[in-house]
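Below you will find the structure I want to go over with you.
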Amino acid sequence: MLNSGKILRMVRMLAVPSIVSIAMVLGRFVYVADLRFRFCGLLFNLLLAWIPMMLAFVIWGIAPARRLLLSVLFVVWVLFFPNAFYIITDLIHDHKFGMDGVYRWYDILMTACFAVSGMFLGTFALYLLHTLVRERCGRTAGWLFAGAVLALSSYGTYLGRVLRLNSWDALLRPCELLQTILAGPGSMSEIALFCGGFFLFSAVVYSFIISATELHEPSRSDA
């Protein structure tokens with residue numbers, strides 16, 4: 001059973017890989033005296049990945065009776081949730097690895113550290129709301145909710161990586177966002193393969209981490 005104390009410990013734990021990631025990219029800046037700040041996009045993406053985690057924490061603490069506020073926060077949470085798993089796609093910038101006299105393996109590990117941080121943030125942000133739905137609507141509804149969010153997130157990741165859209169567009173330029181989606185250059189097969197593959201990947205990651213987490217929960221026989 002989750003409580004505020006456990007959630008706060010979770011947030012502190014999630015801060016560790018983020019701090020390591022930031023230290024690695026800042027160390028790269030200092031080492032090469034890079035005034036162009038190559039890979040600084042990772043820092044921005046990590047910041048965006050923290051937004052759904054913090055929103056989930058806020059939603060967790062709001063009383064169920066405040067439905068309007070919960071609805072607004074949930075919509076914003078759904079819009080920003082894809083940013084957590086999106087960092088994985090930054091591995092596509094492998095052509096930058098090893099530049100500026102930095103060992104290639106360092107850039108690979110640095111980017112992977114950001115990707116893992118994003119996955120952890122996304123997993124636990126979803127787990128918080130998954131738990132709320134499970135407690136109020138049942139176990140099946142909880143997993144259906146998690147699956148639907150991961151499916152939407154996969155499409156959101158496609159919009160971000162392929163069409164170069166972001167979460168802010170849905171809030172600031174909704175009409176232009178819709179036009180871009182409808183006129184998107186990708187074929188249906190490309191969209192299906194990207195979203196399907198990303199959904200399976202994120203679902204496996206989510207299921208594994210949550211299953212490992214639940215191993216530490218007391219069983220009913222122990223309660």
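The values are calculated or read from the model by the stated rules, or taken from the named source; none is laboratory data. Keep in mind it's a predicted model, so treat the numbers as computed, not measured. Cβ: placed from backbone, ideal geometry, glycine included. Neighbour counts: every protein chain shown.
If you take the residues in the range 5-28 that are in contact with a Cys (Cβ under 8 Å, 6 or more places away or on another chain) and more than 14 Å from Phe124 (Cα to Cα), which one is surrounded by the most Cβ atoms within 10 Å (Cβ to Cβ)?
Result: Ser21.
Same structure, new question: From the list Ser154, Ser211, which one is within 18 Å of Asn83 (Cβ to Cβ), hydroxyl-bearing (Ser, Thr, Tyr) and assigned to a helix (DSSP H, G or I)?
Ser154
Can you tell me which condition Gly196 does not meet? The list is (1) touching a residue at least 40 places away in the same chain (Cβ under 8 Å); (2) touching a helix residue (DSSP H, G or I) at 6+ places or on another chain (Cβ under 7 Å); (3) over 25 Å from Val11 (Cβ atoms), and all the others hold.
Of (1) touching a residue at least 40 places away in the same chain (Cβ under 8 Å); (2) touching a helix residue (DSSP H, G or I) at 6+ places or on another chain (Cβ under 7 Å); (3) over 25 Å from Val11 (Cβ atoms), only one is false for Gly196: (2).
Anything in the range 138-172 that is under 16 Å from the mean Cα position of the chain (by Cα) and of a type in the set (Val, Ile, Thr)? List them, or say none.
Hits for the range 138-172 are Val149, Thr157.
Same structure again: Please specify each residue of the range 29-64 satisfying the condition of being basic (Lys, Arg) and surrounded by 18 or more Cβ atoms within 10 Å (Cβ to Cβ).
Selection gives Arg38 alone.
Checking the condition part of a helix (DSSP H, G or I), without any contact (Cβ under 8 Å) to a residue 60 or more places away in the chain and within 22 Å of Leu55 (Cα to Cα), which residue from Ala115, Ala125 passes?
Every option except Ala115 fails the conditions.
Any residue that is under 14 Å from the mean Cα position of the chain (by Cα) and in a helix (DSSP H, G or I) - is there at least one of those in the range 90-105?
yes
Inspect all residues belonging to the range 88-106 and state whether any of them is of a type in the set (Phe, Trp, Tyr), closer than 20 Å to Ala23 by Cβ, touching a Phe, Trp or Tyr at 6+ places or on another chain (Cβ under 9 Å) and touching a residue at least 12 places away in the same chain (Cβ under 8 Å).
Yes, the range 88-106 has at least one match.
One residue is enough: does the range 202-215 have a residue meeting the conditions acidic (Asp, Glu) and at pLDDT 80 or above?
Checked the range 202-215: no residue is acidic (Asp, Glu) and at pLDDT 80 or above.
Residues are listed down the side, and each one gets a yes or a no for (1) β-branched (Val, Ile, Thr); (2) closer than 28 Å to Phe208 by Cβ; (3) surrounded by 15 or more Cβ atoms within 10 Å (Cβ to Cβ):
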position: Ala84; (1), (2), (3): no, yes, yes
position: Leu91; (1), (2), (3): no, yes, no
position: Met110; (1), (2), (3): no, yes, yes
position: Phe114; (1), (2), (3): no, yes, yes
position: Leu126; (1), (2), (3): no, yes, yes
position: Cys137; (1), (2), (3): no, yes, no
position: Ala141; (1), (2), (3): no, yes, no
position: Arg173; (1), (2), (3): no, no, no
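Taking the stated definitions as given, is Ser71 at negative phi and touching a helix residue (DSSP H, G or I) at 6+ places or on another chain (Cβ under 6 Å)?
No: the conditions fail for Ser71.
Can you tell me how many residues within the range 18-41 are at pLDDT below 90 and of a type in the set (A, V, I, L, M)?
4
Here is a follow-up. List pairs: first in the range 139-168 and closer than 14 Å to Pro52 by Cβ, second at pLDDT 95 or above and outside any helix (DSSP H, G or I), Cβ under 8 Å, 6+ apart or cross-chain?
What qualifies is Val149/Phe81; Leu152/Phe81; Ser153/Phe81; Gly156/Phe81.
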